[in-house]
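J.: I'd like to ask some things about the structure below.
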Amino acid sequence: MRIIGMLSGTSHDAADAVVADLWWTAPGEVALHSRGMVSVPFPERLRADLADRLPPAHTNLAEMCQLDTELGQFFGSVAARARDELGGGGAQWVVSHGQTVYHWVRDGQALGTLQLGAAAWIAEAAGLPVVSDLRTADIARGGQGAPLVALLDALLLPDETWGALNLGGIANLTVRRVAADGTADASGRPDPFEVAGPVGPGAGVTAYDLGPACALIDESARWASEGAQRMDVDGARAARGRVDRPLLERLLADPYYRLPPPKTTGKEHFHAAYLREQLAAGVRPAPDDLVATVTELTARLVADACHAHGLAELAVSGGGVRNPQLMARIGALADGVRVRDSEVLGVAPQEKEACLFALLGFLSVHGVPANVPSATGARGPAVLGSLTPGSAPLTLPAPVTEPLRRLRIERTPPGEQQLRL
């Protein structure tokens, strides 16, 4: 089955779409072959409209309706381009994460989530059925709705000495934990869906948001450049600056960091106004020093988590991989941990999340649960997503009753028979 996996992250600078071939190779085992990725920058006006309406800004229903429509039209054009350029003009499904505009968390519990980018516009542009709204089913079962990447990480990480880090707007980490009864699958890996005892750390897989990554680094670069830069290109400002220790300690005092997983956060908390509040509480640092300090914050959060989980290997993906200063500081602070990008696990760091959504959609249309309750805190497994028909009547493959336990990353494309599986 050929699937277009598509997302726009919390940095909302581009929409990424991977065309992936997925097929069942055995009961409980899926193979994935990526045919490549297209990344399309946001139209400037759309990006500005989105940024102006994100928390803590106030908006209205008319503006949200317009934004939902225009994001859907933009994502639809990206899906159609990926279909034509990478899919040979054809695919079976589009899976769209959408653009997160609000993740409703109160007292540590996720109560709702909102991703915009109306699926019907994507289906209209691509002529394909769409899987969307992938987080809500997990939240309805008491979970955080995130990190969904725990599924892919759980299948890729070799053992409990490895961690998978994503550096997007928010940094999230996945680690494996052997179930209390030592349950393992045929490969010798702990079963990622085995939850023995209380849901949470130590129950199969732990995955959670560490805190801000590019979200605050980008905001600090924008402040330092008086709006001329959207990001700290190549980590140059952080490399020039010096860490402001009092500011760093104020940032590290945020109560979020002391919450136990499962936990999630986003730009509802770590936004430009948040950074201004932290600066108002002390002496304002020099511009490059601010960028260096915020970069150090993320590196410190990552390093502390690596040490807390006893990791020896860290596989990193996401836009933050392109920031050499951030990567260098993570490597320096996470002493004793070998830090590499996710290619070491067989997935390119910029493609990983889009591949994840292709996999989630593949499982959804086969009726296979794709959340990881030990990571999200959900009461149990859930089939994720909502389905929108394309230009033809909606047809689904026969349901699969075996849960996914293994994933093979294939470097060579499948044959026609495999694609029909």
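The values are calculated or read from the model by the stated rules, or taken from the named source; none is laboratory data. Nothing here was measured: the structure is a model prediction, and the numbers come from that model. Every residue, glycine among them, receives a Cβ derived from its backbone with ideal geometry; neighbour counts consider all protein chains shown. When the accessible area is computed, the model is the full protein with side chains, heavy atoms only, and any ligands, DNA or RNA have been set aside. Shrake-Rupley method; radii C 1.70, N 1.55, O 1.52, S 1.80 Å.
J.: Provide a single number: the residues in region 75-111 that are at pLDDT below 95 and either over 16 Å from Asp13 (Cα atoms) or small (Gly, Ala, Ser) (or both).
T.: Looking only at that region, the number is 13.
J.: Of all residues being touching a Gly at 6+ places or on another chain (Cβ under 9 Å) and not hydroxyl-bearing (Ser, Thr, Tyr) in region 385-396, which is nearest to Arg135 (Cα to Cα)? Just the residue, please. Please lay out each step first, then the result.
T.: First, pick out the residues of region 385-396 that are touching a Gly at 6+ places or on another chain (Cβ under 9 Å): 385, 390-392, 396.
The next check asks that each one be not hydroxyl-bearing (Ser, Thr, Tyr); those that pass are 385, 390, 392, 396.
Values: Gly385: 7, Gly390: 21, Ala392: 26, Leu396: 21 Å.
Selected residue: Gly385.
Let's see how each residue does on (1) open to solvent by 40 Å² or more (accessible area, probe 1.4 Å); (2) part of a loop (DSSP other than H, G, I, E, B); (3) modelled with pLDDT of 95 or more; (4) of a type in the set (Ser, Thr, Tyr):
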site	(1), (2), (3), (4)
Leu363	no, no, yes, no
Gly380	no, yes, no, no
Leu387	yes, no, yes, no
Pro399	yes, yes, yes, no
Leu404	no, yes, no, no
Pro413	yes, yes, no, no
Gln417	yes, no, no, no
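J.: Select, from Ala281, Ala303, Ala253, Ala308, the only residue that is closer than 19 Å to Ala150 by Cβ and not basic (Lys, Arg).
T.: So the residue among Ala281, Ala303, Ala253, Ala308 that is closer than 19 Å to Ala150 by Cβ and not basic (Lys, Arg) is Ala308.
J.: Right, Ala315: closer than 21 Å to Gly336 by Cβ, in contact with a Leu (Cβ under 9 Å, 6 or more places away or on another chain) and without any contact (Cβ under 8 Å) to a residue 40 or more places away in the chain or not?
T.: Here the answer is no, as Ala315 does not meet what is asked.
J.: Just a yes or no: is a residue in region 10-23 more than 19 Å from Val365 (Cβ to Cβ), among the charged types (D, E, K, R), in contact (Cβ under 8 Å) with a residue 60 or more places away in the chain and open to solvent by less than 50 Å² (accessible area, probe 1.4 Å)?
T.: The answer is yes; a qualifying residue exists.
To keep it simple, each residue is scored yes or no on (1) of a type in the set (D, E, K, R); (2) outside any helix (DSSP H, G or I); (3) under 15 Å from Gly117 (Cβ atoms).
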site: Ser11; (1), (2), (3): no, yes, no
site: Asp16; (1), (2), (3): yes, yes, yes
site: Leu32; (1), (2), (3): no, yes, no
site: Ala48; (1), (2), (3): no, no, no
site: Ala51; (1), (2), (3): no, no, no
site: Pro55; (1), (2), (3): no, yes, no
site: His58; (1), (2), (3): no, yes, no
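J.: Here's another thing I want to ask about it. Scanning for something among the aliphatic types (A, V, I, L, M) and either at pLDDT below 95 or open to solvent by 30 Å² or more (accessible area, probe 1.4 Å) (or both), does region 67-74 turn up at least one residue?
T.: no
J.: What's the total number of residues in region 119-176 that are within 20 Å of the chain's Cα centre (by Cα), charged (D, E, K, R) and part of a helix (DSSP H, G or I)?
T.: The number of residues fulfilling the criteria is 2.
J.: Okay, next question. Taking Arg329, is it of a type in the set (D, E, K, R) and touching a strand residue (DSSP E or B) at 6+ places or on another chain (Cβ under 9 Å)?
T.: In short, no.
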